[in-house]
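The values are calculated or read from the model by the stated rules, or taken from the named source; none is laboratory data. Predicted model, so just to flag it, every value in this text is computed and none were measured. Cβ coordinates were reconstructed from backbone atoms using ideal geometry, including for glycine residues, and neighbour counts include every protein chain displayed.
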Amino acid sequence: MALEYIIHCDESETKGRHFSNFYGAAIVTSEHIDSVRKAIAAKKLELNLFGECKWSKITTTYRKKYIDLIDFFFDLIKDHKVKIRIMFTQNTRKARNLTKEQIKNQYAILYYLFIRHAFGLVHSPPLPGGVKVRVYLDDMPLSAAQFAMFRDHVVRLSKRSDFRARGIKFAAEDVVQVVSHDHDILQCLDVILGAMNFRLNDKHKDKPLGAKRRSARTVAKLKVYQHISKRIREIYPNFNIGITTGHQGDRSNRWHHRYRHWNFISNDRTVSSGGDGKKTETP
């Protein structure tokens, strides 16, 4: 049976305080997908997490359970059974000269570019018979017609010369919307993506109106973020969550790396005050 790549995709805040358009994805090969699904389901059962796990549901009561679950998920990442990609845009760097159509379809366009580039699929090893890619997208805020157009663009990646050279194939029936409640991998991804949005947009500093201290829930979320950050830095010491992860002189690491961030920057852009001035790379 030919190898398959199963990509689970999620998105978060489209307009944040400092960073916007958060997209996340987890890729698992068909060799590991069943064992990964069973392992996460068993861990959730062990932790008595019977419902859907989401970043928004973290409280003081559930903080330790979420840390334990994400710890387990990062063990899978460490063992090369799951790879994670996170993409976002920085508000101080705005694309310019966009057409009305591009502005209208910005959400779908960014999602398409994320799928096309984030995992460095064109750097994956060529395999006899090629490889099929399945894309599971957490329910998208698109009309049926918009989703059909988006899916068509993803499927047409198969016709690009760089994708053909690696035998990478997308089929319309394999690009589908799903409900995250039914997919534990998406739930773990939601927690990681939510944590990055939380920290990059300084939500860890938020206080209830009129209060002098942060809420217990905010502190609990900060603890979960800090643990995620610790696990990332076990893979990549000194990891900077706000910039594009470098490829260490080898572009194929865009495929090989277990965890990467992409600060998406348009080639045609304006830079307003408040930029961090740090060099970034884009696929």
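Among the numbered criteria (1) within 14 Å of L186 (Cα to Cα); (2) touching a helix residue (DSSP H, G or I) at 6+ places or on another chain (Cβ under 7 Å); (3) not aliphatic (A, V, I, L, M), which one does K81 miss?
(1)
Whether any residue in the range 26-43 is closer than 26 Å to N201 by Cβ and in contact with a Cys (Cβ under 9 Å, 6 or more places away or on another chain) is what I want to check.
yes
Quick one: which residue in I6, I27, I40 is outside any strand (DSSP E or B), surrounded by 15 or more Cβ atoms within 10 Å (Cβ to Cβ) and modelled with pLDDT of 95 or more? Reasoning before the result, please.
Values: I6 fails: outside any strand (DSSP E or B); I27 fails: outside any strand (DSSP E or B).
Only one candidate qualifies: I40.
Out of (1) within 20 Å of the chain's Cα centre (by Cα); (2) more than 23 Å from D10 (Cβ to Cβ), what's the single condition that is false for T245?
Only one criterion in (1) within 20 Å of the chain's Cα centre (by Cα); (2) more than 23 Å from D10 (Cβ to Cβ) is unmet by T245, namely (2).
Under 8 Å by Cβ, and 6 or more places apart or on different chains, what pairs join a residue from the range 166-180 that is within 12 Å of Y136 (Cα to Cα) and surrounded by fewer than 14 Cβ atoms within 10 Å (Cβ to Cβ) with one that is modelled with pLDDT of 95 or more and among the hydrophobic types (A, V, I, L, M, F, W, C)?
As it stands, the answer is A172/V155; V176/V135; V176/L137, since those pairs meet every condition given.
What number of residues within the range 70-103 are basic (K, R) and at pLDDT below 95?
Count: 4.
Name the pairs: first residue in the range 89-104 and closer than 22 Å to H18 by Cα, second residue assigned to a helix (DSSP H, G or I) and polar (S, T, N, Q), Cβ to Cβ under 9 Å, at least 6 apart or on different chains?
As it stands, the answer is A95/Q102; A95/Q106; L98/Q106, since those pairs meet every condition given.
Determine whether the range 58-65 contains at least one residue that is in contact with a strand residue (DSSP E or B) (Cβ under 6 Å, 6 or more places away or on another chain) and assigned to a helix (DSSP H, G or I).
No.
Taking the criterion of being β-branched (V, I, T), surrounded by fewer than 19 Cβ atoms within 10 Å (Cβ to Cβ) and touching a residue at least 60 places away in the same chain (Cβ under 8 Å), would at least one residue in the range 47-65 satisfy it?
Among the residues of the range 47-65, at least one is β-branched (V, I, T), surrounded by fewer than 19 Cβ atoms within 10 Å (Cβ to Cβ) and touching a residue at least 60 places away in the same chain (Cβ under 8 Å), which makes the answer yes.
Out of all the residues in the range 117-147, which are in contact with a Leu (Cβ under 9 Å, 6 or more places away or on another chain) and of a type outside the set (S, T, Y)?
L121, L127, G129, G130, V131, K132, V133, D138, F147
Take the residues in the range 72-86 that are within 17 Å of the chain's Cα centre (by Cα) and of a type outside the set (V, I, T); name whichever of them is surrounded by the most Cβ atoms within 10 Å (Cβ to Cβ).
Looking at residues that are within 17 Å of the chain's Cα centre (by Cα) and of a type outside the set (V, I, T), I get F73.
Can you tell me which residue is farthest from Y66 (Cα to Cα) among those in the range 204-249 that are free of Cβ contacts under 8 Å to residues at least 24 places away in the same chain and charged (D, E, K, R)?
Applying the filter and picking the extreme gives K212.
Regarding the range 168-176, can at least one residue be identified that is under 18 Å from the mean Cα position of the chain (by Cα) and within 22 Å of V133 (Cα to Cα)?
Restricting attention to the range 168-176, the residues satisfying the condition of being under 18 Å from the mean Cα position of the chain (by Cα) are 175-176.
Okay, now just the ones that are also within 22 Å of V133 (Cα to Cα), so 175-176.
There is at least one residue in the range 168-176 that is under 18 Å from the mean Cα position of the chain (by Cα) and within 22 Å of V133 (Cα to Cα).
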